[in-house]
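The values are calculated or read from the model by the stated rules, or taken from the named source; none is laboratory data. Source: prediction; values computed, not measured. Using ideal geometry, Cβ is built from the backbone for each residue, glycine included, and neighbour counts are taken over all protein chains shown. These accessible areas exclude ligands, DNA and RNA; they are computed on the full protein's heavy atoms, side chains included. Shrake-Rupley method; radii C 1.70, N 1.55, O 1.52, S 1.80 Å.
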Amino acid sequence: MTILVTGATGNVGRHVVDLLVRAGADVRATSRNPESLDLPPQVEVRRADLNDPKTFEQALQGVEKVFLYTQPAGVQGVMEAAKAAGVTHAVLLSSRAVSGRDSDHWIARWHRTMEAAIEQSGLAWTFVRPGTFAANSLQWARSIRNGEPVRLLYAHSHVSPIHERDIAEVSTVALLQEGHAGAKYHITGGESISQAEQLALIGQAIGRDVAFEDITGDDARAVLRERFSSRIQELVQDGVVDREATSGIVEDRIRYYVEALEGPAEIDRTAERVLGKPMRTFAEWAVDHKADFTN
Ligand SMILES: NC(=O)c1ccc[n+]([C@@H]2O[C@H](COP(=O)([O-])OP(=O)(O)OC[C@H]3O[C@@H](n4cnc5c(N)ncnc54)[C@H](OP(=O)(O)O)[C@@H]3O)[C@@H](O)[C@H]2O)c1
């Protein structure tokens, strides 16, 4: 049985490839730049780009199951190619936002578009819906490496960050074992922790204190406007949000941070039930990523 891993260079996809190889599966991986992939020699590599879904036709030949990182613009074409190739089961990297309180939020709509396309494809599916990735903290890496204070937006807001390896483990179980078709797995890390505490744990991992600035209010709005500007253009292009709705995206994010100041962040034990073991902690994540934070 050949399993295709799309987004194989991503935070989660690279671990899915590794876990499948360790389990002895026959693995094929895609990237837009296959020459950039550094994978074990037994992994077949194919070029595929969601902006040109036809590129998936060849990558999907002979494939039985697929781990999907996808985007609204490409998902329909990829699912048509998967069906034509005789794929039986797709495990989608989705988001917990889909079923969150704010079901009209753009992240929810973005992922719902993809889930709907997969449901309509007629293939068996599993939706892996993680909350905040621990890997989001990699955005602080440059400041930390440069010895500069990290600019944290609402430093004392709480999250329940999940290690990308745990997301990959849940996805791999859904690919390799029976009984996961039709499941929607909401998964988070196992602890509620503030961003300032995350930074302190990164400091412990690299052996020095890391200073931060707590950015709030209009200063945070300015940072978010800059950070989201290209993302917002993509969302308008993909038809996920209207141009007029885009100012709301920054305000949504501010509201999210302010609410998260109250803490604790919600914790979902689904992944622990699927895997039969506790989630990795953020302290473990920080140790695993020491090299990203040091020169
Ligand atoms: N960050 C969070 O807190 C969070 C929470 C919940 C859900 N999510 C969801 O998780 C996903 C991101 O996962 P990740 O962090 O593992 O991904 P990532 O590290 O951002 O990597 C994205 C992967 O997608 C591939 N890719 C990008 N554009 C592509 C295209 N046009 N065609 C084909 N492949 C393309 C890239 O491969 P190449 O460059 O090699 O082609 C790369 O491997 C998103 O859907 C996000 O919404 C994120």
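Of all the residues that make up segment 16-39, how many are within 11 Å of the ligand (Cβ to nearest atom) and either touching a Gly at 6+ places or on another chain (Cβ under 7 Å) or under 23 Å from residue 79 (Cβ atoms) (or both)?
Within segment 16-39, the first condition is being within 11 Å of the ligand (Cβ to nearest atom), and the residues that meet it are 16-17, 29-37.
Filter once more, so that each one left must be either touching a Gly at 6+ places or on another chain (Cβ under 7 Å) or under 23 Å from residue 79 (Cβ atoms) (or both): 16-17, 29-32, 34.
Adding up the residues that qualify gives 7.
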* Asked: When the residues of segment 144-176 are filtered to those that are over 21 Å from the mean Cα position of the chain (by Cα) and crowded, with 18+ Cβ neighbours inside 10 Å, which remaining residue is nearest to the ligand (Cβ to nearest atom)?
  -> 154
* Structure fact -> Scanning segment 177-194 for residues that are open to solvent by 40 Å² or more (accessible area, probe 1.4 Å) and touching a residue at least 12 places away in the same chain (Cβ under 8 Å) gives 181, 182, 184, 186, 191
* Residue within segment 235-242 that is open to solvent by less than 60 Å² (accessible area, probe 1.4 Å), free of Cβ contacts under 8 Å to residues at least 60 places away in the same chain and farther than 30 Å from residue 147 by Cβ present -> yes
* Structure fact -> In segment 112-132, anything of a type in the set (Val, Ile, Thr) and either open to solvent by 20 Å² or more (accessible area, probe 1.4 Å) or touching a residue at least 60 places away in the same chain (Cβ under 8 Å) (or both) is listed as 113, 132
* (1) modelled with pLDDT of 95 or more; (2) of a type in the set (A, V, I, L, M, F, W, C); (3) surrounded by fewer than 20 Cβ atoms within 10 Å (Cβ to Cβ): which one isn't true of residue 93, the others all being true? -> (3)
* Top-ranked residue in segment 123-143 [being out of contact with any helix residue (DSSP H, G or I) (no Cβ under 8 Å at 6 or more places or on another chain) and farther than 22 Å from residue 191 by Cβ; ranked as nearest to the ligand (Cβ to nearest atom)] -> 142
* Structure fact -> Scanning segment 63-76 residue by residue, the ones that are within 8 Å of the ligand (Cβ to nearest atom) and either part of a strand (DSSP E or B) or open to solvent by less than 30 Å² (accessible area, probe 1.4 Å) (or both) total 2
* **Unique residue being over 21 Å from residue 134 (Cβ atoms), β-branched (Val, Ile, Thr) and not in a helix (DSSP H, G or I) when the list is 210, 240** => 240
* To do: Go through the residues of segment 217-230 one by one and say whether even a single one is of a type in the set (Phe, Trp, Tyr) and part of a strand (DSSP E or B).
  => no
* Asked: Looking only at residues in segment 43-56 that are farther than 16 Å from residue 123 by Cβ and either touching a strand residue (DSSP E or B) at 6+ places or on another chain (Cβ under 8 Å) or part of a helix (DSSP H, G or I) (or both), which one is most open to solvent (accessible area, probe 1.4 Å)?
  -> 47
* **Residue tally, condition among the β-branched types (Val, Ile, Thr) and within 13 Å of the chain's Cα centre (by Cα), over segment 99-129** => 2
* Asked: Considering segment 16-39 alone, what residues qualify as being open to solvent by 20 Å² or more (accessible area, probe 1.4 Å) and either in contact with a Phe, Trp or Tyr (Cβ under 9 Å, 6 or more places away or on another chain) or of a type in the set (Gly, Ala, Ser) (or both)?
  -> 23, 24, 25, 36
* **Where a residue in segment 54-72 is among the β-branched types (Val, Ile, Thr) and its partner, wherever it lies, is not in a helix (DSSP H, G or I), with Cβ under 6 Å and at least six apart** => 55/48; 55/49; 63/2; 63/4; 63/87; 66/4; 66/87; 66/90
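The rows are residues; the columns are (1) open to solvent by 60 Å² or more (accessible area, probe 1.4 Å); (2) more than 10 Å from the ligand (Cβ to nearest atom); (3) in a strand (DSSP E or B).
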{"site": "14", "(1), (2), (3)": "yes, no, no"}
{"site": "41", "(1), (2), (3)": "yes, yes, no"}
{"site": "58", "(1), (2), (3)": "yes, yes, no"}
{"site": "61", "(1), (2), (3)": "yes, yes, no"}
{"site": "78", "(1), (2), (3)": "no, no, no"}
{"site": "81", "(1), (2), (3)": "no, yes, no"}
{"site": "101", "(1), (2), (3)": "yes, yes, no"}
{"site": "107", "(1), (2), (3)": "no, no, no"}
{"site": "110", "(1), (2), (3)": "no, no, no"}
